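A short write-up of the structure that comes next.
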Amino acid sequence: MLDVVFLLHSFILGSLDHTTFLYFERRQKQCSVSLPTESMKAMAESVGVGQLQEESCAALSEEVSYRIKEIAQDALKFMRHGKRRKLTTNDIDNALKLKNVEPLYGFQSQEFIPFRFASGGGRELYFYEEKEVDLSDIINTPLPRVPLDVSLKAHWLSIEGVQPSIPENPPPAPKEQQKVESTEPLKVVKPGQEEEGTIQGKSQGATPADGKGKDKGLIRLKPRSTHELSVEQQLYYKEITEACVGSCEAKRAEALQSIATDPGLYQMLPRFSTFISEGVRVNVVQNNLALLIYLMRMVKALMDNPTLYLEKYLHELIPAVVTCIVSKQLCLRPDVDNHWALRDFAARLMAQSCKTFSTTTNNIQSRITKTFTKSWLDDKTQWTTRYGCIAGLAELGPDVIKTLILPRLTVEGARIKAVMEGPVVSNIDKIGADHVQSLLLKHCASVIAKIRPQPDNMEQYRTDYGYLGPMLCSHVMKARTQAALQAQQVNRTTLTITQPRPTLTVSQSGLSGSAGSRTPSIIKVPSSLTLMTPRPGTPSQPSPPATKYIVMATSAGASSTQQYEFTSVSFATSTLQPLVKLESGSGPGLTSSRPMQKYIVVSLPSSASSSLETKSSVLPTSISTTPLEAAMKLDRSESPGASTQSPH
Amino acid sequence: MAAVQGGLADTNEEKDIKTEPSSDGFGNNNANDGRVLSTSPGSSASAGINKSATGAPEDQQTLLAVLQFLRKNKLTESVEILRREAGLPEDSPELKGSDSSGAGSGGAAGSGDKEGGDASSLLSRVTISSSANLATTVTSSVTAAGEDQPDVNVVLSAYNQQGDPPLYQVYYSGLKKFIESVLDCHRAELSQLFYPLFVHMYLELVYNNHESEAKAFFEKFSGDQECYYEDDLRVLSSLSKREHMRGNETLMDFRTSKFVLRISRDSYQLLKRHLQERQNNQIWNIIQEHLYIDIFDGMPRSKGQIDAMSGSLAGEGKREANKAKVYYGLLKEPEIELPLDDEDEEAENEEGKPKKKKPKKDSMGSKSKKQDPNAPSQTRIPLPELKDSDKLDKIMYMKEATKRIRLGPDNLPSICFYSFLNAYQGLTAVDFTDDSSLIAGGFADSTVRVWSVTPKKLRKVKSAADLNLIDKESDDVLERIMDEKTASESKILYGHSGPVYGISFSPDRNYLLSSSEDGTVRLWSLQTFTCLVGYKGHNYPVWDTHFSPHGYYFVSGGHDRVARLWATDHYQPLRMFSGHLADVTCTRFHPNSNYVATGSSDRTIRLWDVLNGNCVRIFTGHKGPIHALAFSPNGKFLASGATDGRVLLWDIGHGLMIGELKGHTDTIYSLRFSRDGEILASGSMDNTVRLWDAMKAFDDLETDDFTAATGHVHLQDNSQELLLGTYMSKSTPVIHLHFTRRNLLLATGAYNP
């Protein structure tokens, strides 16, 4: 028994580590928990005591468990006085000190777990991992940054009883609360009490509604939510909306940044939502492409804001976004203006909102998919709408492409062929068909590359996919080689590949107007290699005919040196809308061994011949009690309606 | 036979119970032994003879017992003879007698015998067989206890076995059944018995090594206990062996203090009749030995009333404990009226301002001239003389007071939040100076940091050599002694060797106190930014310290369960306030400096008289360790906040709970009344600051019919009406609050991203 006493102390120390305490913390509710006797044996072995009798083990484990609990209870005191919610190793050290026990050293670092686990041969083993450390490595590593010193910062938590919405304060209504308010709006309210509603975020004194309770019984009412804006908020709203649709790009960027990050926008959300939906409705009729793009960027910014609970306003936002995807006409000159970029962008937004907001109850994704498919299947649908539907579907992911787009490639190919090779009906159709073709190739190639077995036979493709077959084949092959290259690179080196984002700076001489300078999303490659931007970029306003572009791009090879090539192309024709295209080997993850990259700036010829009469494809969204349902109905009726109006 | 006596015996025994509180756990122990002796056949002497056969150590003890017996009966010659025979030194009996456990000892032996006589009437009902059983167990427990530390021994020896272990469950469930069957009005009162009985029965089982029975007992009945005892039950559950009992603080608390219950006479009679009918001596013994039943005449209390007051480690405070007179009034403002006006005029003339504030000041002066009948006399405790600088500060204070905003439900204060950024080392304590110019933070990395929150930077005094060079006659000598080179916005004070848990500025802003895990309280000079004194006395972590509002004195409390009163110029404490059964977690001075309030982990608040060190109030009702205390500015009320997230309001004069403010969801670390006492602000771990209508809470009470005599409070649940505002911070626990002299609320906390 002597050794038992002798062992006790070391056992307590030995069994004290993070995991033990976590174990006890978690189990505290249960009454009697003690360490298993196997642990005792293991620990005895670790200090060189061989056979320990079962009884001594049991006695020890009880004793050790009790002592550990005692220490944990003391440690809790230190935690409370340290004004923390988390028990730290320092608290345990202090608790040990209370008991005149030497504290444990080395547990301060955050990720310190002293022993590792290994098993094999039917034995489980815990061992101390003792790595050999090369001193020179330690000496040569650069010192970590000096932590910042403690500092004081003052802000107003409340001004005469009202909490200002500033970034230092939490959002007035946290997301959970917004959610509760929108998902469970029905509260039991006594008749006569509904006037009070719920005052958000703040309880206001007594409720003087006691005497009003008539014997009518309880009625479930939706409390009226109030969105009163202070003067400051009204000013802010005005500034933001003006900047978002104004002409100054710098201001717009700032405004969008504010929408995307500001925590106090909850009160303004209904206003923003109406602003966007009304804006889209008006500007679709007027074919004001620029404003539509701005509004979509606002939607994007709202979606990026982590403090907003958008679910309540989807009935306004989704129709607006869908309109921008599938509307027959979005701009005054469909042959010149790049409304395709807007459609792409809006499609990505749609996909993003499907991903974030779709649930089993609202079924956004399936309803959207149905809407798109339905109008795509219609023969009379215009190329523009067709393009939108396909883009919308394609952005929903490879599964959707596989099940919905691939089976229709043959049909679509025939349709394209009819336009491309048949008698020239209209230039607009041709452009449309061309865009649809490249869109299909872009999205399908990668999916086919994954699901189709290796030998890529041109003829086989033709039989499978019809007109688009051969082109698909070449795309798929390209995709395969790139994938292989990528894999090779990954295999060869384990260094993390830091990829400088390709920046595209378009400086414009001559006329003013803002050309895209944010992300290369309006960049499109005609029919060779297509790059997909990893995240929805922001389309920029198509500029009036410009004269000169200087395209600068960075390349990122395996080597860290960067080459720049400047190409300047001048566009003489004022009627043609130039499109900037980038072919780059340095697309995300596609780094090839080519040292140099070529940037081709091409202009697409197109003639203005479209004068299609379009009705606004956004139907007014009325305020309804079941917003989503209504909105979705509108969506569905919208596209087919638009397609029937087609003159073809 | 006692069972037959019925009503007559009742009154007798009530008296017993009432007299018993005078004897502490120690005397209690003797009483028990006395009873044991008297139940064994024959006289006490024969019992001693029986015992003398058990061996050498017992021999000694028996001898001592005999000696005492003789001395008590004034048989001095026999004492002398026996002592000579045994070879015992002259003065050893007292010492050893008090140490030894088995035999009766000290002056309490007499009362033990007397009580033994009364108790025998009860205990005579014990069957012969069990009493025979008893004799053997007594001796065995004595030998076993002999190995223990003496003090623990004394405490534990009362746990000798008096019944069959498996029967404990039967006893307990029998009582449970009875209490559940009584009338509703009595049930709530009698239910109070469950918890202490449960604890003591469990401990008896554990002490007597009936481990499995103890475990079964615990598992069966622990679920029935009130939820606020959960923490203690957790401690109990881990205690399953007799060896564990040694050195376990919680256990000692249960033993050294009697659990206090307040029960109406009717309910008590019911209980007693039941126990007598059932001959349930086991439970009766526990009630007599370990509980103190405070019997009152009148209506039994409701469940709500009981729940409001219970929850502390040792039951409710006794009614007598809160009867002492407390001078809660404020001290008369010191006689600075005349100099005040003079200086004020001077100051104003210097500044070239018109004298428009004068009439107001007069009114304030006249207010302070009135002597509050509840105030202590000015010289009750010696207070430091006011210095010129203090007077200047008072003038500043009054000036600011005239600009003070009157707060109320319609006029809420603005809150300025000072966030500590990058406080990775852990912010553990904060204090503001009264004029809100400095802020000090104590950190878990043992440092104390002082910031200036005004544009005025912190400067040190020049070194001694440099000071010699100054022209001491110049007018701005105070300015000249400062070293401009050291000016900075913050200063760090190094000295502690553990986390700094308490921090307090002196009223004159010259000193700063900090208390730490290392067991010391340090006094820092804010002129030189060095440590002046380290006060050593607490051997364990010092959780809190607070300067008296008049300076000079300060109080500290810590893990050693003692609060100490110090004066800055004494390195030893002036008073020790001991009585808490667990850590003293927070300390506060009354505005008149005559009293000190302490909150503790035993879930009680005690008010101590600085003059004589007596405990004058015990407030129970919190269900968790108390972490925040605040006196109202008029000195009449006390607010307390605990880990249970509730704020309780107390009337000091009557010793009553007068309000409960529910709303916080986590530990309350800070409480503060506005300068005029209209608003109570509470800051909590749940990242909120809440404002409460203190005026309304106190007014509502005054319209109530005061039930001071019984001490039974009817608390209405009006927290929601009293809550004026909730302000959420961004993941920043609020650990300190402070009202500026103009009633702007300052809050602080460390930002925890």
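Here are a few things to note about the model shown:
- Region B:413-429, residues that are touching an Asp or Glu at 6+ places or on another chain (Cβ under 8 Å), within 7 Å of chain A (Cβ to nearest Cβ), closer than 16 Å to B:Phe673 by Cα and surrounded by 20 or more Cβ atoms within 10 Å (Cβ to Cβ): none
- Restricting region B:501-518 to residues that are surrounded by fewer than 24 Cβ atoms within 10 Å (Cβ to Cβ) and part of a loop (DSSP other than H, G, I, E, B), the residue that is nearest to the other protein chains (Cβ to nearest Cβ) is B:Asp518.
- Matching residues in region B:419-456 - criterion: being of a type in the set (Lys, Arg) and at pLDDT 90 or above: B:Arg449
- Output for region B:158-190, where each listed residue is modelled with pLDDT of 75 or more and of a type in the set (A, V, I, L, M): B:Leu167, B:Val170, B:Leu175, B:Ile179, B:Val182, B:Leu183, B:Ala188, B:Leu190
- Of all residues in region B:633-648 being surrounded by fewer than 24 Cβ atoms within 10 Å (Cβ to Cβ) and touching a residue at least 40 places away in the same chain (Cβ under 8 Å), the one that is nearest to B:Ser257 (Cα to Cα): B:Asp644
- Among the residues of region B:453-463, those that are surrounded by 19 or more Cβ atoms within 10 Å (Cβ to Cβ) and touching a residue at least 24 places away in the same chain (Cβ under 8 Å) comprise B:Arg459, B:Lys460.
- The lone exception for B:Asp466 - which of (1) surrounded by 15 or more Cβ atoms within 10 Å (Cβ to Cβ); (2) more than 12 Å from chain A (Cβ to nearest Cβ); (3) at pLDDT below 90 it fails: (1)
- Hits in region B:530-544 - residues which are surrounded by 20 or more Cβ atoms within 10 Å (Cβ to Cβ) and away from every other protein chain (no Cβ under 14 Å): B:Tyr535
- Of all the numbered requirements in (1) within 30 Å of B:Trp543 (Cα to Cα); (2) more than 9 Å from chain B (Cβ to nearest Cβ), A:Gln73 misses one, and that requirement is (2).
Here's the yes/no breakdown for (1) hydroxyl-bearing (Ser, Thr, Tyr); (2) within 40 Å of the chain's Cα centre (by Cα); (3) surrounded by 11 or more Cβ atoms within 10 Å (Cβ to Cβ); (4) within 14 Å of chain A (Cβ to nearest Cβ):
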position: B:Asp434; (1), (2), (3), (4): no, yes, yes, no
position: B:Ala440; (1), (2), (3), (4): no, yes, yes, yes
position: B:Asp445; (1), (2), (3), (4): no, yes, yes, yes
position: B:Ser490; (1), (2), (3), (4): yes, yes, yes, yes
position: B:Pro499; (1), (2), (3), (4): no, yes, yes, yes
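- Residue that is nearest to B:Lys457 (Cα to Cα), among those in region B:385-412 that are within 13 Å of chain A (Cβ to nearest Cβ) and of a type outside the set (Gly, Ala, Ser): B:Ile405
- Pick from region B:371-383, criterion surrounded by 15 or more Cβ atoms within 10 Å (Cβ to Cβ) and not small (Gly, Ala, Ser), ranking: modelled with the lowest pLDDT: B:Asp372
- Hey, B:Leu638 in contact with a Cys (Cβ under 9 Å, 6 or more places away or on another chain), over 24 Å from B:Cys227 (Cα atoms) and either modelled with pLDDT under 90 or not in a loop (DSSP other than H, G, I, E, B) (or both) or not: no
- Some residue of region B:191-206 being surrounded by fewer than 22 Cβ atoms within 10 Å (Cβ to Cβ), away from chain A (no Cβ under 14 Å) and among the charged types (D, E, K, R): no
- Entirely in region A:233-310, the helices (runs of 4 or more DSSP H) that have 2 or more residues that are in contact with a His (Cβ under 7 Å, 6 or more places away or on another chain): none
Yes/no per residue for (1) within 14 Å of chain A (Cβ to nearest Cβ); (2) farther than 29 Å from B:Ala642 by Cβ; (3) modelled with pLDDT under 80; (4) touching a Cys at 6+ places or on another chain (Cβ under 8 Å):
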{"residue": "B:Ala216", "(1), (2), (3), (4)": "yes, yes, no, no"}
{"residue": "B:Leu239", "(1), (2), (3), (4)": "yes, no, yes, no"}
{"residue": "B:Gly247", "(1), (2), (3), (4)": "yes, no, yes, no"}
{"residue": "B:Leu261", "(1), (2), (3), (4)": "no, no, no, no"}
{"residue": "B:Leu275", "(1), (2), (3), (4)": "no, yes, no, no"}
{"residue": "B:Asp294", "(1), (2), (3), (4)": "no, no, no, no"}
{"residue": "B:Gly304", "(1), (2), (3), (4)": "no, no, yes, no"}
{"residue": "B:Ala314", "(1), (2), (3), (4)": "no, no, yes, no"}
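- The single condition from (1) at pLDDT 75 or above; (2) surrounded by fewer than 20 Cβ atoms within 10 Å (Cβ to Cβ); (3) within 25 Å of B:Glu180 (Cβ to Cβ) that B:Gln279 fails is (1).
- Selection from region B:575-591 of residues that are part of a strand (DSSP E or B) and more than 12 Å from chain A (Cβ to nearest Cβ): B:Arg575, B:Met576, B:Phe577, B:Ser578, B:Thr587, B:Arg588, B:Phe589
- Just one of the numbered conditions (1) touching a residue at least 24 places away in the same chain (Cβ under 8 Å); (2) in a loop (DSSP other than H, G, I, E, B); (3) more than 23 Å from B:His550 (Cα to Cα); (4) more than 14 Å from chain A (Cβ to nearest Cβ) is not true of B:Asp475: (1).
- Tally, over region B:187-224, of residues that are in a loop (DSSP other than H, G, I, E, B) and either of a type in the set (Gly, Ala, Ser) or under 21 Å from A:Tyr66 (Cβ atoms) (or both): 3
- Consider region B:218-236 and keep the residues that are facing chain A (nearest Cβ under 8 Å) and within 20 Å of B:Leu167 (Cα to Cα). The one that is modelled with the lowest pLDDT is B:Ser222.
- Within region B:319-330, residues that are farther than 12 Å from B:His654 by Cβ sit with their Cβ atoms under 8 Å from residues that are part of a loop (DSSP other than H, G, I, E, B) and at pLDDT below 80, at 6+ positions apart or across chains, in these pairs: B:Gly329/B:Asp372; B:Gly329/B:Pro373; B:Leu330/B:Asp372.
- When region B:726-741 is filtered for residues that are touching a Pro at 6+ places or on another chain (Cβ under 8 Å) and part of a loop (DSSP other than H, G, I, E, B), the ones remaining, listed by number, are B:Ser729, B:Lys730, B:Ser731.
- Answer residue from region A:130-148, given it is within 28 Å of B:Gly426 (Cβ to Cβ) and among the β-branched types (Val, Ile, Thr) and is nearest to the other protein chains (Cβ to nearest Cβ) among those: A:Val146
- Restricting attention to region B:603-631, the residues being in a loop (DSSP other than H, G, I, E, B) and either charged (D, E, K, R) or crowded, with 24+ Cβ neighbours inside 10 Å (or both) number 5.
- Taken together, B:Leu565, B:Leu581 contain a single residue that is surrounded by 20 or more Cβ atoms within 10 Å (Cβ to Cβ) and out of contact with any strand residue (DSSP E or B) (no Cβ under 6 Å at 6 or more places or on another chain), which is B:Leu581.
The values are calculated or read from the model by the stated rules, or taken from the named source; none is laboratory data. These figures come from a predicted structure and were not determined experimentally. Cβ sites come from the backbone with ideal geometry, for glycine too, and all protein chains shown count toward neighbours.
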